[in-house]
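The values are calculated or read from the model by the stated rules, or taken from the named source; none is laboratory data. Values in this document were obtained by computation on a predicted structure and should not be read as measured data. With ideal geometry, Cβ positions are generated from the backbone for all residues, glycine too; neighbour counts draw on all protein chains shown.
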2 protein chains.
Amino acid sequence: MIAENMKPRVAGNSVIRQMFEEGKKMAQVVGPENVYDFSLGNPNVPAPRAVSDAIVDILQNEDPIRVHGYMSNAGFEETRQAIAEDLNRRYGTAYRAENVIMSAGAGSALNVALKTILDPGDEVIVFAPYFVEYKNYIGNFYAETVEVAPRPDGSFLPDMEGLRKAVTEKTKAIIVNTPNNPTGVVYPETVIRQLAEILAEESERIGHPIYLISDEPYRELVYGDAEVPHIPDYYDNTIICYSYSKSLSLPGERIGYVLVPDASDDSQEFITAATIANRIIGIVNAPSLIQLAITRCLDAKADIAFYEKNGRTLYDGLTEAGYDCLEPRGAFYLWVKSPDEDETEFVGRLKEEHILVTPGSAFAGPGYIRISYCVAYDTIVNSLPGFRRVAEKYSLETR
Amino acid sequence: MIAENMKPRVAGNSVIRQMFEEGKKMAQVVGPENVYDFSLGNPNVPAPRAVSDAIVDILQNEDPIRVHGYMSNAGFEETRQAIAEDLNRRYGTAYRAENVIMSAGAGSALNVALKTILDPGDEVIVFAPYFVEYKNYIGNFYAETVEVAPRPDGSFLPDMEGLRKAVTEKTKAIIVNTPNNPTGVVYPETVIRQLAEILAEESERIGHPIYLISDEPYRELVYGDAEVPHIPDYYDNTIICYSYSKSLSLPGERIGYVLVPDASDDSQEFITAATIANRIIGIVNAPSLIQLAITRCLDAKADIAFYEKNGRTLYDGLTEAGYDCLEPRGAFYLWVKSPDEDETEFVGRLKEEHILVTPGSAFAGPGYIRISYCVAYDTIVNSLPGFRRVAEKYSLETR
Ligand SMILES: Cc1ncc(COP(=O)(O)O)c(C=O)c1O
Ligand SMILES: Cc1ncc(COP(=O)(O)O)c(C=O)c1O
């Protein structure tokens, strides 16, 4: 009796979640301190203290009917205004509250943006490897995901020629994710410029705009000298999907937004439709108390230095052990070339060392693995001997 | 550039919301105390104190990483377990945590249940008048809403013959909502029995089960001797969509659940698919802090006596003034026959008295209006002279 549409999804239930369950079982057998679980993207830095202080203060001093009530489907005016002003301060933009639609995290923001523009049969382009859920989100509207293969140079920057070839008259949007899950890559400004140029040309060619949907849950999580350009400055038809899941360590609370710049095509109609989409996908509005809480915490940030140290330690450790890793620039993922052509073999060998990682094919990136380093520092340090043992086994084989 | 699918929705933007905006403007002109806004279903009884106490306690004493973190897409185990046990105590059932999938309110629960079973072209039956959003929710999956017209007896109980005629081989589900929005009717046990009988027979006839999706945000809001039967006791293929929006006055927080009884067809597969649906519609999981908070407040209730008094006062006042009203048994809506064949005329006349109500046609129930009485008691008392003046005008005309 399950929908045909859901059957393949039930069958192919998320690899990441399966890992999670396996990890729990393994922990029961060998003890949780001896399992190195790098499979999930669940932040392990606590939310800044300012968030709980704000919540308590709101509960003690504000009208509960307003605090817990329905509001405009786009969110509290004061929250949207504060976010617009914060963006304006940081990026020199001129956003107003109207440009911001509060959503239940980036997952929800992406669904709202896609529902606003997609009809069955439409196409959305993504650069492989990519966050697996995009395909499901796009599929929610019976539209097609068109994958652009990675550049052969191993940089995991977008392949511009591949992008050109992927555009058809059915192309409605492209999803861009920088800092990137699963690669940890941050696209430099030159890449954004190139992307903008090609999208403008291709929009012209096919006779309608291609929206650039910028999925930015990792926007604040960048290391060293990496910088994340504000994409609407480069391409008018940019729609930003933001989340506080990682920047404020609030993933369970479901809070983020869709940003629709005035310069984008049909921006007014887009805003109206997206607000309705927020309502009719059933979320109605982003959770209310947490909207009010983040309004007061826009300057706060989770402890990013923690992730940076983790990423660095892991990168150094694995590189020394002989693995070929992409240097982590943002997010909290390390993308590692599998010494085995079939990376699931490699994943299996790591599992023997009680190290749980995600095979790249779960992100349409076979031949690689993703190591999620939002874990305790000790987990990283203690996992390194296991990684080294596996490296040695491969060296023996390949020698 | 907006999706074809969204265009009619943008054009026909919710009547209820338009009212809301008009009301705001009117309040600016004549003063908010002189506007009697009965258009929205936003609870105006504060959430029980237990909820904010629970939130503060959780923030002060529990691990923030867990409190604000991702959890299983179905929700916290402890929350689902507590809800199952609470239901078992109240209904003598034997639910387990696995039967409960936490959702972002009933709106989201309905979307999850519908996504689990609907493919494009499938049909879902509803009894008119009905909550307008059902049509949008069903439309999210490119399925069709099949309306059963009200019984001619004015009882606004479901028309069983109409139901039989509405079933086709494409029927996947029926949505039932008791206590009802917009009529305030509560279906008695005999009606549930009849419904169950017909659905069982029709399922047999068409060769596959028809799910009864029971939308229960108003389950606890019943007055006098009205009782809401636990529908799974009567019909195995019942899926309950519950919400704490009204029972705990937490509509903005987005918290509720889908209940899938073991006795329903393919219950295991349904639970798996619904959990995935929760994730891929972008909600990922019901908001975390509020899940933990309600876990501790399952015995609490918003002040229902307040709504009962409102409903009674309004019903008595309008009946005395000569209006034909359905006696309010549950929810917080009064369903009133329009003295004008075109109820929008009637709505217009009320508006001249600064009384804002919703025309029945917004619920596929023309010839009636819905008065939402989750307002201050004074609003009701002070609106009665206006209602009387309009009644007099109609009497003059019809005399
Ligand atoms: C690239 C990317 N996009 C979106 C999301 C969804 O995040 P949320 O819905 O919690 O904001 C995630 C979560 O891991 C992600 O990695
Ligand atoms: C009949 C009915 N179903 C569902 C809902 C949605 O409620 P929730 O806030 O739980 O999504 C409402 C809200 O007014 C309603 O009246």
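So if I check each of B:386, B:330, which one is of a type outside the set (Lys, Arg) and under 21 Å from residue B:18 (Cβ atoms)? Quick ask: steps written out before the conclusion?
On the way: B:330 fails: under 21 Å from residue B:18 (Cβ atoms).
Among B:386, B:330, only B:386 is of a type outside the set (Lys, Arg) and under 21 Å from residue B:18 (Cβ atoms).
Considering segment A:73-93 alone, what residues qualify as being hydrophobic (A, V, I, L, M, F, W, C) and touching a residue at least 40 places away in the same chain (Cβ under 8 Å)? It would help to see each step written out before you state the result.
Taking segment A:73-93 and keeping what is hydrophobic (A, V, I, L, M, F, W, C), we get A:74, A:76, A:82-84, A:87.
Answer for segment A:73-93, where residues must be hydrophobic (A, V, I, L, M, F, W, C) and touching a residue at least 40 places away in the same chain (Cβ under 8 Å): A:74, A:76, A:82, A:83, A:87.
So, residue A:58, is that one part of a helix (DSSP H, G or I), assigned by TED's automatic domain parsing to the domain that holds residue A:170, within 16 Å of ligand 2 (Cβ to nearest atom) and surrounded by fewer than 24 Cβ atoms within 10 Å (Cβ to Cβ) or not?
Details: part of a helix (DSSP H, G or I): yes; assigned by TED's automatic domain parsing to the domain that holds residue A:170: yes; within 16 Å of ligand 2 (Cβ to nearest atom): no; surrounded by fewer than 24 Cβ atoms within 10 Å (Cβ to Cβ): yes.
When the stated conditions are applied, residue A:58 does not pass them.
Conditions tested, residue by residue: (1) touching an Asp or Glu at 6+ places or on another chain (Cβ under 6 Å); (2) under 29 Å from residue A:199 (Cβ atoms); (3) more than 15 Å from ligand 1 (Cβ to nearest atom).
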{"residue": "A:239", "(1), (2), (3)": "no, yes, no"}
{"residue": "A:249", "(1), (2), (3)": "no, no, no"}
{"residue": "A:278", "(1), (2), (3)": "no, yes, no"}
{"residue": "A:291", "(1), (2), (3)": "no, no, no"}
{"residue": "A:296", "(1), (2), (3)": "no, no, yes"}
{"residue": "A:306", "(1), (2), (3)": "no, no, yes"}
{"residue": "A:309", "(1), (2), (3)": "no, no, yes"}
{"residue": "A:330", "(1), (2), (3)": "no, yes, no"}
Does any residue in segment A:228-253 that is facing another protein chain (nearest Cβ under 8 Å) and farther than 13 Å from residue A:103 by Cα come within less than 9 Å, Cβ to Cβ, of a residue that is assigned to a strand (DSSP E or B) and away from ligand 2 (no atom under 16 Å from the Cβ) six or more places away or on a different chain, and which pairs are these? A:250/A:243
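Could you identify the single residue in B:108, B:72, B:155, B:52 that is among the polar types (S, T, N, Q), assigned to a helix (DSSP H, G or I) and surrounded by fewer than 24 Cβ atoms within 10 Å (Cβ to Cβ)?
Working: B:108 fails: surrounded by fewer than 24 Cβ atoms within 10 Å (Cβ to Cβ); B:72 fails: assigned to a helix (DSSP H, G or I); B:155 fails: assigned to a helix (DSSP H, G or I).
Only one candidate passes the filter, namely B:52.
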If you scan segment A:224-237, which residues turn out to be within 16 Å of ligand 1 (Cβ to nearest atom) and assigned to a loop (DSSP other than H, G, I, E, B)? A:228
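Within segment A:80-127, track down each residue that is among the polar types (S, T, N, Q) and over 19 Å from the mean Cα position of the chain (by Cα).
Of segment A:80-127, the ones among the polar types (S, T, N, Q) are A:81, A:88, A:93, A:99, A:103, A:108, A:111, A:116.
Within segment A:80-127, A:81, A:88, A:93, A:99, A:116 meet the criteria.
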Go through (1) away from chain B (no Cβ under 14 Å); (2) part of a helix (DSSP H, G or I) and name the single condition residue A:323 misses. (2)
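Check segment B:275-283 and report whether any residue there is more than 16 Å from ligand 2 (Cβ to nearest atom), within 10 Å of chain A (Cβ to nearest Cβ) and among the basic types (Lys, Arg).
Taking segment B:275-283 first, the residues more than 16 Å from ligand 2 (Cβ to nearest atom) are B:275-276, B:279-280.
Narrowing further to those that are within 10 Å of chain A (Cβ to nearest Cβ): B:275-276, B:279-280.
After this cut, where a residue has to be among the basic types (Lys, Arg) as well, the list is B:279.
Within segment B:275-283 (the criterion being more than 16 Å from ligand 2 (Cβ to nearest atom), within 10 Å of chain A (Cβ to nearest Cβ) and among the basic types (Lys, Arg)), the answer is yes, since at least one residue qualifies.
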Got a number for residues in segment A:75-105 being among the small types (Gly, Ala, Ser), part of a loop (DSSP other than H, G, I, E, B) and more than 8 Å from chain B (Cβ to nearest Cβ)? 3
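If a residue has to be over 23 Å from residue B:377 (Cα atoms) and modelled with pLDDT of 95 or more to count, how many in segment B:281-311 make the cut?
Residues flagged as over 23 Å from residue B:377 (Cα atoms) and modelled with pLDDT of 95 or more within segment B:281-311 amount to 18.
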When (1) in a helix (DSSP H, G or I); (2) within 12 Å of chain A (Cβ to nearest Cβ); (3) without any contact (Cβ under 8 Å) to a residue 60 or more places away in the chain; (4) crowded, with 18+ Cβ neighbours inside 10 Å are applied to residue B:2, the one that fails is (1)
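Looking only at residues that are more than 10 Å from every other protein chain (Cβ to nearest Cβ) and part of a loop (DSSP other than H, G, I, E, B) in segment B:284-298, which one is nearest to the chain's Cα centre (by Cα)? Steps first, please.
Of all residues in segment B:284-298, those more than 10 Å from every other protein chain (Cβ to nearest Cβ) come to B:294-298.
Filter again for part of a loop (DSSP other than H, G, I, E, B), leaving B:296-298.
Working: B:296: 24, B:297: 21, B:298: 19 Å.
Residue satisfying both the conditions and the ranking: B:298.
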Among (1) without any contact (Cβ under 8 Å) to a residue 24 or more places away in the chain; (2) touching a Lys or Arg at 6+ places or on another chain (Cβ under 9 Å); (3) in the same structural domain as residue A:57 (by TED's automatic domain parsing); (4) more than 16 Å from ligand 1 (Cβ to nearest atom), which single condition is residue A:268 missing? (2)
Among B:338, B:372, the single one that is within 28 Å of residue B:303 (Cβ to Cβ) and either under 25 Å from the mean Cα position of the chain (by Cα) or acidic (Asp, Glu) (or both) is B:372
Test of understanding: among A:216, A:220, which residue is surrounded by fewer than 21 Cβ atoms within 10 Å (Cβ to Cβ), within 16 Å of ligand 1 (Cβ to nearest atom) and in contact (Cβ under 8 Å) with a residue 40 or more places away in the chain? A:220
Hey, can you tell me all the residues within segment A:52-69 that are facing chain B (nearest Cβ under 8 Å) and among the aliphatic types (A, V, I, L, M)? A:55, A:56, A:59, A:65, A:67
Specify the residue that is farthest from residue B:113 (Cα to Cα); the eligible residues are those in segment B:238-273 that are in a helix (DSSP H, G or I) and out of contact with any Phe, Trp or Tyr (no Cβ under 6 Å at 6 or more places or on another chain). B:253
Any idea which residue in segment A:83-92 is farthest from residue B:24 (Cα to Cα), counting only those that are away from ligand 1 (no atom under 16 Å from the Cβ) and crowded, with 18+ Cβ neighbours inside 10 Å? A:87
Spot the failing condition for residue A:108; the list is (1) among the hydroxyl-bearing types (Ser, Thr, Tyr); (2) at pLDDT below 95; (3) within 16 Å of ligand 1 (Cβ to nearest atom), and only one is missed. (2)
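Could you identify the single residue in B:254, B:193, B:205 that is within 16 Å of ligand 1 (Cβ to nearest atom) and modelled with pLDDT of 95 or more? Working first, answer last.
Values: B:193 fails: within 16 Å of ligand 1 (Cβ to nearest atom); B:205 fails: within 16 Å of ligand 1 (Cβ to nearest atom).
Every option except B:254 fails the conditions.
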